[in-house]
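Enquirer: Shown below is the structure under consideration.
Taken together, the values in this text are just the output of simple stated rules run on the coordinates, not laboratory data. What you are looking at is a predicted structure, and each value in this text was computed from that prediction instead of being measured. Counting neighbours? That spans all protein chains shown, and the Cβs are built from the backbone with ideal geometry, glycine included.
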Amino acid sequence: TVAPAAPAPDRICRPHQLYVSFRDVGWHDWIIAPRGFMANYCRGSCPFPLATQLNSVNHAILQSLMHSVAPAQTPLPCCIPVRLSPISVLFYDNGDNVVLRHYEDMVVDECGCR
Amino acid sequence: PGPLSPQAVALLRALGLSEPPAPRQPRPVPPLLWRLFRKSQEKLAAAKETQEPQGPEQQAQPCRVEELGVPGNIVRLVPDRGKLRNQGKLLSGSRAGGGADSPQARGPPRHRLNPSRPVTRPPRAPCLPFPPGGSVQFEEPALAPLCVEKPLFFNLSALAPQEQPTLVRLELACARGAPGPGWELSLSLAPGPQLWGWQAHWHHRQLLLTQPLLPGQDTIHLDLLDLGLVGPSALPRNLSLVLEILAGGGGDGNGTEAACTSLGRSLEASLLVVTLHPQQCRPLARRRR
């Protein structure tokens, strides 16, 4: 009947910053723009009952509940991207064409428990 | 240099590429593509600022090029690789072939036009109706000196077979357009590679369109999908066309020749290709009923 102690706030599932620099990858000679982009990533736990506030769907809430009762049988829900944004990249291809290409789901905007 | 790391290979694959491009010489970025890129950045930033969940209508349309009004997630500007053969000089009328000045007699197809001797071309007008019991009348052939004959060659091998073309637009830029009335521009599909060069007579070409070239018209856009030249399925690996500019009447020989030279030198062609990669474009979420 006693709720487990809540983990420290910085361990809760949320986006973390990750900047991808095309210069670091060594592609700055064929990628015209942008120089890089904020891709971010999700990390953190989805403990019971906090999962109710973490962009969680019902099943994740149920799973975190089950984990609180039988942790060995049911793992915690996962912290994953739930809202992503596209990016556009301008680059030269091998045919010396200038290409503007749109890539979906390249930036993590929001994380959630699933 | 050196073998790619597995991470680099995975990232390239996520970008739809199999290897990092190695551009021979970086070209200036065409203003149109800069403009499209900036517009897409602004839209993405605006979408981020609102941060409220948006309905499908308000979502940035990742797989649609709003400025060009077509679906697509890849926009390419393919440079022309054709070489101008006549450097804008007026050409001879030996198209009909044969005779002392036929190309066979003089090697590669470099001709000079004697403006006083008009070009003989096949009649363009359809055959007249066949009067019952009467003789067939042909119209006089068009008499227009050929001012510029430019082969256009576009290498489309960079397009993946799954990409569906939604816009294939030939973009022509020439200084100040035609110097006077009556000038024409015609576009033909070039014969296959085995017929190119001095063997290629113009009657091997498939005429696609002819349209007036207006004075002051310095940019001309020709939609090749509308012409039916390329279909909505995958594009050919390369596209070979012939662009001709026929001088209008009214100028004197020297003036027309000078105009042809400047037109020939200033003429630039590129192919704007917008394609949709179905595997990388999610259909937009339908509104909840």
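Enquirer: Output the 0 to 90 degree angle, nearest 10, between the alpha-carbon long axis of helix A:58-69 and the longest principal axis computed from the alpha carbons of chain A.
Expert: 50
Enquirer: Next question, about the same structure. Give me the base-10 log of I(q)/I(0) for the stretch A:46-100 at each q in 0.15, 0.18, 0.28 Å⁻¹, Debye formula, one uniform scatterer per Cα, rounded to two decimals.
Expert: Once normalised to I(0) and log-transformed, intensities are -0.52, -0.61, -1.02.
Enquirer: Then there's this: So how do A:I80, A:I12 line up by other beta-carbon neighbours within 10 Å, fewest first?
Expert: Fewest-to-most Cβ neighbours within 10 Å comes out as A:I80, A:I12.
Enquirer: Right, next: Which order results if A:R11, A:R83, A:R114 are arranged by neighbouring Cβ count within 10 Å, fewest first?
Expert: A:R11, A:R83, A:R114
Enquirer: Mind listing the lone cysteines of chain A, meaning no other Cys beta-carbon sits under 4.7 Å from theirs?
Expert: Cysteines of chain A left without a disulfide-compatible partner: A:C78.
Enquirer: 7 Å from Cα along Cα→Cβ at both A:C78 and B:D226: what's the point-to-point distance in nm?
Expert: If labels sit at A:C78 and B:D226, their model points lie 4.9 nm apart.
Enquirer: Just want the ordering: A:C13, B:C63, B:C147, from fewest to most Cβ atoms lying within 10 Å of their own Cβ.
Expert: B:C63, A:C13, B:C147
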